[in-house]
Each structure stands twice: as structure tokens, then as C-alpha cells.
Amino acid sequence: MNSGQSQPTIIELDEAVALMEPLTELVRHAGTAILAIDRAGMRIDRKADDSPVTQADLAADRIIADGLARLVPGVPVVSEERLYSAKPPYPGSFFLIDPLDGTKEFLAGRDEFTVNLALVTHNAPLIGIIGAPALALIWRGLVGRGAERLKGAGAAPKPIHTRSIGSPGESWVAAVSRSHGDSRTEAFIAARPGAIRKALGSAVKFGRVAEGEADIYPRLAPTSEWDIAAGHALVTAAGGAITDAQGAPIQFGRGNASFLVPEFIAWGDPSAARPR
């Protein structure tokens, strides 16, 4: 890890390997804290954009922030819940956190909410860890070293890989949002005759693409970097790719307004990625 007063901190692949287990434990710990909170009796506030923020969001954020401060002091952290402290651009390494992705799913009593943690280096996600505590699942990936799924506490990791699209007539399985829809995304899916839509919440959609249960996850409407950074690393590590609608790569931490990503498509089969 190279740092200095004038140089950004850089975490490269070899150092990232050593961080995988402690970062996974942070995600697991944050998930446990979320599950311990009574959804029916917790406090719910509203952010400036009118989206909900709960005690669970804040508890998970605090656990991850404290853990990262111990593990990797000096590496910047950008969290959805502490955006006021972000100072982009980030030319070196930094963490992108969504402590509770799918707050609407959480409030509705559903199980498809996640804890998302990503390490970004040189504007590209290198580590992605997505915990789905109510499903007892963790997906994690390190670009260049592969991806894994962990089911239940103490379970051995199972390697996962995206799947290839077979014959031209084969049906695509498209992961789609249960809570967010838009006409461009629907048109993109409709352009694939016979596509099967699989409605899912939060970053669980990235997990299903990474393990070959879905072929694509398109969202051709704005979202935020912390929503997709962990999934970007996970799907890439599992053999897939994330692009914009023109097939160009997505970059992170470059100072885009409010960390917005205008559009993205997660492809299980990179050879299928093409402009639309």
C-alpha cells in the first residue's frame, strides 16, 4: 500500500487478496446488525431526495466505517449515508459502500436487501462483496482471481461463474428491478424475443448474474455508483462484464455529479455485449 501526503493510496491485486476475508467479515457483521433491528418499530427518516433511511442503514454504515478505519486507515471511504464527506475525484483506491441496498424491500418485509462493499482502484472496482443477510448468502469477487458464493455461517466458499449464451434462439434470463422500472430498460429487454424476466430486489440481481442464474441485468436509467460498484467487481470476477448501452466501460470516483451512473448493463457473457 503506497501512500504519502501528495500521492493517493493505491491497493493493488496482491494486497487486495489479503483484505478479502476481513472485508467479508465486515459485511457479515453489518448484515447481522440489520437483522437484529425490529423493522416494525424502528425509526425511519427521509433524505433530501425523499428516499428512506432507517436505523438499520445507519447501524450497518457505522460498523463498516469503523471496521475500514481499523483495517485500512487512510483509504477514502464513500458511503451513501455519508455522502456529505466525499471529496471526489479519487484517482487512487477508495471504498464505495451501500450499507443497506434495497431499503424499500427491507421496509416491505422482503428478504432481498443487501450490504454492498466495493474497493475501487484506478477508477475500476477491484473487490466486490454483496451480503444478503436474510438469505444467508454472501457473493464476493476479486477481479483477476474469480468469484465465490458463501451460503450460511461457516460454509466453504463455492466458486461461481457467469454462463455463456448458447444458440441464437436461446431465451435470455433478464434480472429486473422489483422497485424501479423505466421504458428504456423495458425496450432493451423486449428486443430479445422470448426473454424471461426475473424480478429481484437490490444487488441480489448482480449475484444471480454472477452465478449464472441470469444472463443480463440492464438498468438504462440513472443510479448511483455505490449501488453497482460491488456488483461490477463481482460480475467481472465471475467472467462477465459491465458496460454502458454503447458497450463502453463504467468508471468510478471521477467526480461525476452526485456519483450518478447514467446507465449500465451487466452481461453474464461478455461476447454478447454490444451497443444498443
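Quick note: the coordinates plus some simple rules give every number you see, no bench work behind them. All values derive from a computational prediction rather than experimental measurement. Every residue, glycine as well, gets a Cβ built from its backbone with ideal geometry; the counts of neighbours run over all protein chains shown.
Peptides 229-237, 17-25: what's the order by average Cβ count within 10 Å, highest mean first?
On the way: 229-237: 30.8, 17-25: 15.7.
Descending packing order for the listed peptides: 229-237, 17-25.
Through the Karplus equation 6.51 cos²θ - 1.76 cosθ + 1.60, θ set to phi - 60°, convert the phi angles of region 51-65 into ³J(HN,Hα) values in whole Hz; use x for Gly and Pro.
Per residue, the Karplus-derived 3J(HN,Hα) values read 7, x, 9, 10, 4, 5, 4, 6, 5, 5, 4, 5, 4, 5, 4 Hz.
Please compute, over every Cα-Cα pair in region 198-276, the percentage with a separation greater than 16 angstrom.
On the way: 1354 of 3081 pairs.
The proportion of pairs with Cα distances above 16 Å equals 44 percent.
Once you have the Cα-Cα distance between Ala36 and Ala272, take 0.36 nm times their residue separation minus that, and quote the gain in nm to one decimal.
Here the segment from Ala36 to Ala272 would lengthen by 80.8 nm.
What ranking do Phe94, Phe206, Phe264 get, fewest neighbouring Cβ atoms within 10 angstrom at the top? Show your work: numbers first, answer last.
Details: Phe94 25, Phe206 32, Phe264 22.
Going from least to most buried by this count: Phe264, Phe94, Phe206.
To the nearest 0.05, what FRET efficiency results for Leu83 and Arg184 with a Förster distance of 30 Å applied to their C-beta separation? Mind showing how you got there, number by number?
Numbers: r = 26 Å, r/R0 = 0.86.
Given R0 = 30 Å and the Cβ-Cβ separation, E is 0.70.
Report the antiparallel proportion of the DSSP beta bridges in the chain as a percent, rounded to a multiple of 5. Please report the intermediate quantities before stating the final value.
Numbers: 43 of 52 bridges.
Taking every DSSP beta bridge with both residues in the chain, the antiparallel ones total about 85 percent.
Sequence gap at least 6, Cα distance under 8 Å: using those rules, report the relative contact order of the chain to the nearest whole percent.
Working: 627 pairs, mean separation 46.4, N = 276.
Across the chain, relative contact order equals 17 percent.
Going by how many other beta carbons lie within 10 Å of each one, how would you line up Lys104, Lys205, fewest first? Present the calculation step by step, with values, prior to reporting the outcome.
Numbers: Lys104 15, Lys205 31.
By the 10 Å Cβ count, ascending: Lys104, Lys205.
Could you compute the FRET efficiency for Ala221 and Ile44, with r as their C-beta to C-beta distance and R0 at 25 Å, rounded to 0.05?
Working: r = 25 Å, r/R0 = 0.99.
With R0 = 25 Å, the Cβ-Cβ based efficiency is 0.50.
Would you mind checking Lys47/Lys205; Lys158/Lys198; Lys47/Lys198; Lys151/Lys205 for any pair whose Cα atoms are more than 21 angstrom apart? Please list the in-between numbers first.
Working: Lys47/Lys205 25 Å; Lys158/Lys198 23 Å; Lys47/Lys198 30 Å; Lys151/Lys205 16 Å.
Those over the limit are Lys47/Lys205; Lys158/Lys198; Lys47/Lys198.
Taking the Cα centre of the chain as origin and charging only Cβ (+1 Lys, Arg; -1 Asp, Glu), how large is the dipole, in debye to the nearest 20? Before the final figure, lay out the partial values.
Numbers: 28 positive and 31 negative charges, 75 e Å.
Here the size comes out at about 360 debye.
Tell me, what is the percent relative contact order of region 1-152, built from C-alpha pairs under 8 Å that lie six or more residues apart?
Numbers: 265 pairs, mean separation 32.0, N = 152.
Computed value for region 1-152: 21 percent relative contact order.
What nm value, rounded to one decimal, do you get for the distance between Glu25 and Gln246 when each label is placed 7 Å out toward the C-beta?
4.5
Looking only at region 118-233, where both bridge partners belong to it, what percent of the DSSP beta bridges are antiparallel (to the nearest 5)? It would help to have the intermediate numbers written out before the result.
On the way: 19 of 25 bridges.
Beta bridges within region 118-233, antiparallel portion: roughly 75 percent.
Which order do Tyr217, Tyr90, Tyr84 fall in if you start with the one that has the fewest other Cβ atoms within 10 Å? Walk me through the intermediate numbers first.
Working: Tyr217 31, Tyr90 23, Tyr84 5.
Sorted ascending by nearby Cβ count, the order is Tyr84, Tyr90, Tyr217.
Using a 10 Å cut-off on Cβ atoms, rank the peptides 239-245, 114-120, 252-258 from the highest mean neighbour count down.
Descending mean neighbour count gives 114-120, 239-245, 252-258.
Can you figure out the FRET efficiency of Ile165 with Glu15, using R₀ = 45 Å and their beta-carbon distance, to the nearest 0.05?
Values: r = 35 Å, r/R0 = 0.78.
For R0 = 45 Å, the calculated efficiency reads 0.80.
Debye calculation, C-alpha points only, no solvent: report log10 I(q)/I(0) for region 1-150 at q = 0.16, 0.19, 0.20 Å⁻¹, in the same order as the q values.
-0.86, -1.15, -1.24
Pull up the cross-link candidates among the aspartates and glutamates for Lys104, meaning alpha carbon to alpha carbon under 18 Å and not fewer than 8 places away within one chain.
Straight-line reach from Lys104, under 18 Å: Asp38, Asp45, Asp49, Asp50, Asp57, Asp61, Glu80, Glu81, Glu112, Asp182, Asp227.
Please sort by residue number the trypsin sites (Lys or Arg not before Pro) in region 17-70 whose DSSP state is loop and whose Cβ has at most 15 other Cβ atoms within 10 Å. Show your work: numbers first, answer last.
Numbers: sites: Arg28, Arg39, Arg43, Arg46, Lys47, Arg62, Arg70; in loops: Arg39, Arg43, Lys47.
The qualifying sites are Arg39, Arg43, Lys47.
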